[in-house]
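The values are calculated or read from the model by the stated rules, or taken from the named source; none is laboratory data. Everything numeric here is computed off the predicted structure, so don't read it as measured data. Cβ sites come from the backbone with ideal geometry, for glycine too, and all protein chains shown count toward neighbours.
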Amino acid sequence: MQLSDFSYNLPEELIAQNPVEPRDSARLLVYTRATKEIQHRTIRDLPSILPSHTLLVANNSKVRHSRLLATRADGREIEILILKHVGDSTYQCMVRGRNIQLGEDVTCILSSNASLGARIVGKDDHSAMQTYQIIFNAPQENLEAVFEQYGHVPLPPYITDSQAPDERYQTVFASELGSAAAPTAGLHFTAELLETLRNAGYEWEEVTLHVGMGTFLPLRDTHIESNILHTETTYISPETAETINSQKTAGHTILAVGTTSTRTLESHSNPEIISGELETNMFIYPGYEFKTVSALMTNFHLPQSSLLTLVSAFIGNSSEGTLTMSTEEMIAELQRIYAIAIEEKYRFFSFGDAMLIL
């Protein structure tokens, strides 16, 4: 498979700059794998679309207010994006600026009368970018509260509208702090929709995957199979694992809300779900046979991304997790679905619409 197989041309006006209100009024493209039929619905239609006894599994990771503006000793400004806590008061970060030096002291501007000192103490080289180890001049137990109060939500770079509501870049059920980007399929759910789903007999469980720097790294190698994703931390509680396993045994539909939930579930499948914390760099592309996930709800993704290869792979699986298409057919069907979504003017990416694959 070639990286170019997962390219498509998207009119710029279809990149959603703002979310719709209310959340569950977003459009939903429903694709049935058994028949290749496509329907055009909305998120709030989910209770009338999903198979009975469906278990929905969502990622409850909470986006850290991780974007900090800082000044250097010479007055130049830089931007720090916190990715991961690595020990004591030290975090792995992306830094936007020129000629960043190890040992350099910077000042994070928190407000008109508050600041936070920091020092760049290490550098990690990756295939597509560099990250830095930064130690902040405050006790670790205080830092997360400082970030939450003074940091900014890191909206993706393709959201260029300065008026975009960054407070909407968080799911209503987010509870576990640690992501550098939102698990965007979950953005469509409201408290009212969750209650309606439960009242209709659907079950809801939550897992955790802290979205890290892998989100910011496009696939680079022209041969799909040669790409390697960066590691992210996942967690499934024993109670959630037990529920998922019992639902699988009963033959019920396991609907992953988003690609992060999908990667979490599949990483913990052996073939039953194993509870606990797990570091994963699972990269799913056509040819993969899904062990747990039997339905998928996801947004429309960037070209040449690992998220797009995952969706293509899922299209080519049956609900029982067996391959039903060749690699070429999976890619062609993905391209057909995306072409229809573009023709129907669905809104793409983080603040956009969604698709449901049954």
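Structure data summary
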{"read-out": "Number of positions in the range 128-155 that are without any contact (Cβ under 8 Å) to a residue 40 or more places away in the chain, aliphatic (A, V, I, L, M) and surrounded by fewer than 16 Cβ atoms within 10 Å (Cβ to Cβ)", "value": "1"}
{"read-out": "Of residues in the range 215-239 being in a helix (DSSP H, G or I) and touching a residue at least 60 places away in the same chain (Cβ under 8 Å), the one surrounded by the fewest Cβ atoms within 10 Å (Cβ to Cβ)", "value": "Glu225"}
{"read-out": "Flag for Gln39 being outside any loop (DSSP other than H, G, I, E, B) and within 26 Å of Ala145 (Cα to Cα)", "value": "no"}
{"read-out": "For Glu205: the one exception among (1) part of a strand (DSSP E or B); (2) touching a Lys or Arg at 6+ places or on another chain (Cβ under 8 Å)", "value": "(2)"}
{"read-out": "Filtered residues of the range 301-333 (kept if assigned to a helix (DSSP H, G or I) and of a type in the set (Asp, Glu))", "value": "Glu328, Glu329, Glu333"}
{"read-out": "Given (1) crowded, with 23+ Cβ neighbours inside 10 Å; (2) touching a Lys or Arg at 6+ places or on another chain (Cβ under 8 Å), index of the condition Met282 fails", "value": "(1)"}
{"read-out": "Test: residue in the range 246-253 that is over 20 Å from Pro286 (Cβ atoms), in contact with a strand residue (DSSP E or B) (Cβ under 9 Å, 6 or more places away or on another chain), in contact (Cβ under 8 Å) with a residue 40 or more places away in the chain and not in a loop (DSSP other than H, G, I, E, B)", "value": "yes"}
{"read-out": "Those residues of the range 88-133 which are closer than 28 Å to Ser226 by Cβ, of a type outside the set (A, V, I, L, M) and not in a strand (DSSP E or B), in sequence order", "value": "His126, Ser127"}
{"read-out": "So Leu177, is it assigned by TED's automatic domain parsing to the domain that holds Leu29, of a type in the set (A, V, I, L, M, F, W, C) and part of a strand (DSSP E or B)", "value": "yes"}
{"read-out": "Residue among Ser261, Ser226, Ser294 that alone is small (Gly, Ala, Ser) and either over 28 Å from Cys93 (Cβ atoms) or touching an Asp or Glu at 6+ places or on another chain (Cβ under 8 Å) (or both)", "value": "Ser294"}
{"read-out": "The lone exception for Tyr31 - which of (1) over 21 Å from Ala185 (Cβ atoms); (2) touching a residue at least 40 places away in the same chain (Cβ under 8 Å); (3) assigned to a strand (DSSP E or B); (4) not aliphatic (A, V, I, L, M) it fails", "value": "(1)"}
{"read-out": "Enumeration of residues in the range 42-58 that are part of a strand (DSSP E or B) and basic (Lys, Arg)", "value": "none"}
{"read-out": "Residue under evaluation Arg336, criteria (1) assigned to a helix (DSSP H, G or I); (2) modelled with pLDDT under 95; (3) of a type outside the set (Ser, Thr, Tyr), criterion not met", "value": "(2)"}
{"read-out": "Residues satisfying the stated conditions in the range 59-84, i.e. over 27 Å from the mean Cα position of the chain (by Cα) and assigned to a loop (DSSP other than H, G, I, E, B)", "value": "Arg72, Ala73, Asp74, Gly75, Arg76"}
